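For reference, the structure is listed below as structure tokens.
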Amino acid sequence: MTMTPRENFNRAMNHQQPDRVLVDMGKHIGSIHKKAYLKLMEHLPDVEMNNQDRILDRMAQTVIPDEALLQRFNIDFRWLVPNWVQVTEREDTNGYIDMWGVPYRATADEDHFAVDGAPLKNATLADLETYAWPDPFDEDQFKGLAEQAKYWFENTDYVIGADAIKAGPLMTALQMRGYEQFFMDLVIDVEFADALLSKITDLLKQMWTRYMQEVGSYVQIAYVTDDLGTQTSMLMSPKLFQQRIKPKMQELHEHIKSLADVKLMMHTDGAVLPVIEDIIEMQVDVINPVQTSTSGMQDTANLKQQFGERLSFHGAIDVQQFLPNANSQELRWEVAKRIQDLGTEGGFIIAPCHNIGHDIAPENVIALFDLINELGTYPLQLNDEIALNQSYFANH
């Protein structure tokens, strides 16, 4: 008997062999840019897609994918998205100010919005007491999510996810204080750094408490986002991370898992191999996005060998260098290799490692998901497929 997505998820996350590799797309940091979506609409005329104006992430200008597209790509997840609240429009430019007081400005072509200032750049410790912090009990933030979650839980077999409250202790502190200043704070003004991190963490814990009161009985996975790495290295030394940042992240993660029976997935871009042991210790069950274009994360077989008994993996299909440039043969090899490396005995959710940008041809987007559905059936038999394509690469 074929397993449902939820049954496959339970087996895969317990590092047991499912029926097929799980497939995801459509959450914060993992959807499709509005321009790429329009291209997909042209290439999939038989799929009813009308959501090009339903923005999921205003900063990245990604959309909420239509249900018809999710079904066309055989996506196993449905994500509950917290509502956009406590945001004010800027009068001085095309932009907005988010709930944390961080200003954003649209790029010239309105391709996305970029951080445009740091409200706490010159703040003192005393200023943290009087700052206009977001209201963690805003009823509108999670309005309607319980009804949606209940409907999916009772009427579908999809894995239901609590999408991120798009803020994490580190990245929110960096945006509020400014990157340069907060990195200095972590070393020379530890009292301020710790106070800011604690305030952000406490507010996020309160928001997640309210969130799980609404949807906790229906969801199987919760998603948190922060960034620890660059293309080539960590944002800070592992030692500094362990001393100043890890305790707050772990506190938040443990709090979320105390609220509901969920697996916890953490998003962190970059070259984070030096702290994966710490990530496991921070109660993370699934690491996203396995950014294979960064230092140390290319060898997915090694990642599975080192950490696969204690950690599951999400992503691994690079959208930065690979998907925009891959031909059909390369794409086939990539999908086969990542499934074989990370999906043996479960523990893998395959997905684009970040948002699908408009520099990626719609043909490659469609081919990616078609290949996943072709090659992702267990028991995996991909060694010949990988060897055949390696032979192709050796001759081109």
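Please treat every number below as a calculation from the coordinates, not as lab data. Just so it is clear, the model here is predicted, and its values are computed rather than measured. Methodologically, a virtual Cβ is constructed for each residue, glycine included, from the backbone with ideal geometry; neighbour enumeration extends over all protein chains shown.
Just a few scattered comments:
- Listed residue pairs exceeding 31 Å between alpha carbons, taken from LYS35/LYS304; LYS205/LYS239; LYS27/LYS205; LYS263/LYS337: LYS35/LYS304
- Estimated FRET transfer efficiency (GLN329, GLN213; beta-carbon r; R0 41 Å; 0.05): 0.25
- Counting all C-alpha pairs of segment 121-204, share separated by more than 21 Å (%): 45
- Enclosed volume per residue, in Å³, of the convex hull spanned by Cα atoms of segment 190-339: 124
- Compared with the rule-of-thumb size 2.2 N^0.38 Å for a compact globular protein, segment 242-312 has a Cα radius of gyration ratio of 1.11.
- Sequence of GLU251, GLU7, GLU147 once ranked by neighbouring C-beta atoms within 10 Å, starting from the fewest: GLU147, GLU7, GLU251
- Distance between segment 222-265 and segment 8-73 - C-alpha centres, whole angstrom: 25
- Modelled FRET efficiency - R0 41 Å, GLU254 with GLU139, Cβ distances, 0.05 increments: 0.95
- Remark: spin-label model distance THR88-ALA387 equals 6.6 nm, labels positioned 7 Å along the Cα→Cβ axis.
- Between ALA68 and GLU7, residue separation times 0.36 nm minus the direct Cα-Cα distance comes to 19.7 nm.
- Scanning the chain for long hydrophobic helices, with DSSP H runs required to stretch 18 angstrom or more by C-alpha along their axis and to average at least -0.5 on the Kyte-Doolittle scale, returns 190-215, 362-375.
- Distance-filtered residues of segment 49-92 - backbone nitrogen under 18 Å, label point 7 angstrom along LEU38 Cα→Cβ: 49-66
- Percent of Cα pairs in segment 1-156 per distance bin of 5 Å, from zero to the largest separation: 1, 8, 12, 15, 16, 14, 13, 9, 6, 4, 2, 0, 0.
- Along its first, second and third principal axes, ordered by size, segment 177-272 spans 43, 29, 20 Å in Cα coordinates.
- Stokes-Einstein D in µm²/s, Kirkwood radius over Cα pairs - the chain at 10 °C with 1.306 mPa s viscosity: 73
- Between SER295 and THR377, the contour length at 0.36 nm per residue exceeds the Cα-Cα span by 26.5 nm.
- In summary, segment 197-245 shows an alpha-carbon radius of gyration equal to 1.53 times the 2.2 N^0.38 Å reference for compact globular proteins.
- The modelled label-to-label distance for the pair GLU110/ARG310, using points 7 Å beyond Cα in the direction of Cβ, is 4.9 nm.
- Taking a point 7 Å out from the Cα of ALA126 in the direction of its Cβ, the residues of segment 193-227 whose backbone N falls within less than 18 Å of it are 193, 195-196.
- The antiparallel fraction among DSSP beta bridges confined to the chain stands at about 35%.
- Partner lysines whose Cα lies under 19 Å from the Cα of LYS121, excluding those fewer than 8 positions away in the same chain, are identified as LYS199.
- The smallest convex shape that holds all Cα atoms of segment 288-384, its convex hull, gives 88 Å³ per residue.
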